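Notes follow the structure.
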Amino acid sequence: MPLPLQDALIHLMVIAATSDASVSDRELDAIGGLVMRLPVFEGFNRDDLGQVASEAIDLVKDSSDIEKVLDMVLGAIPARLHDTAYALAVEVSAVDLRVEQEELVLLELIRDKLNLDGLIAAAIEASAMARLRRAVA
């Protein structure tokens, strides 16, 4: 059974958060904050966030093939929201302003599977870093 769109977007953010084998509190807070404030999540029952995130974690843990998991998740996201999906993955990956190699590899895989133009992807990445930068280094 295909994932509902909003669940798929949450799954994608959780996958991005788990790509470096550790999920920080900042990443979890970022996912919750994005779900609370972004229009793409209007109508989503926020009480279901923990359940959906747990399902995503279980899906990643139970699978030996991240590409297969991504295909399932990304298959539930219409083309008109591919840039939004990528932006959510980048936002979660960049929240600690340190993107590890594993995260970069996953973001590249997501970008390729979504067939995103390189300039669009670069703009999304740069804007996430600009939004998340702290005043004090």
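The values are calculated or read from the model by the stated rules, or taken from the named source; none is laboratory data. Predicted, not measured: the structure shown is a model, and the values here were computed from it. We place every Cβ from the backbone using ideal geometry, glycine too, and count neighbours over all the protein chains shown. Only protein heavy atoms, including side chains, enter the accessible area calculation; ligands, DNA and RNA are left aside. Shrake-Rupley method; radii C 1.70, N 1.55, O 1.52, S 1.80 Å.
Determine the per residue accessible area of the chain with all protein chains present and a 1.4 angstrom probe, expressed in square angstrom.
I get 55 Å² per residue for the chain.
Top to bottom by accessible area (1.4 Å), largest first, where do Arg46, Arg131, Arg26 land?
Result of the area sort, largest leading: Arg131, Arg26, Arg46.
Calculate what fraction, in whole %, of the accessible area of segment 65-137 sits on carbon and sulfur atoms when a 1.4 Å probe is rolled over the protein chains.
It is 56 percent, rounded to a whole number.
Take the alpha carbon gyration tensor of segment 3-54, find the square roots of its eigenvalues, order them as a ≥ b ≥ c, and report rounded if a/c is under 1.5; if not, report prolate when a/b exceeds b/c, else oblate.
Since a/c reaches 1.5 and a/b is larger than b/c, the shape of segment 3-54 is classed as prolate.
Sort 67-78, 6-17 by packing, meaning the average of other beta carbons within 10 Å per residue, with the highest value first.
Answer by packing, highest mean first, reads 6-17, 67-78.
Report, in cubic angstrom per residue, the convex hull volume of the C-alpha atoms of segment 51-112.
Given the Cα convex hull of segment 51-112, per-residue volume reads 99 Å³.
Would you please state the base-10 log of I(q)/I(0) at q = 0.15 1/Å for the chain, with intensities from the Debye formula using one equal scatterer on every alpha carbon?
Here the Debye-derived log intensity ratios amount to -0.67.
About the Cα centre of the chain, what is the dipole size in debye to 20, counting +1 per Lys and Arg Cβ and -1 per Asp and Glu Cβ, all else neutral?
In total the dipole reaches around 500 debye.
As a check on your grasp of the helix formula, calculate [θ] at 222 nm for the chain: sum -39500 (n - 2.57) over DSSP H runs of n ≥ 4, divide by the residue count, round to the nearest 500.
Calculated mean residue ellipticity at 222 nm is -21500 deg cm²/dmol.
Could you derive backbone 3J(HN,Hα) for segment 13-28 from the dihedral phi with the Karplus parameters 6.51, -1.76 and 1.60 (θ = phi - 60°), listing whole Hz in sequence and x where the residue is Gly or Pro?
5, 5, 4, 4, 5, 8, 5, 9, 6, 9, 10, 7, 4, 4, 5, 5
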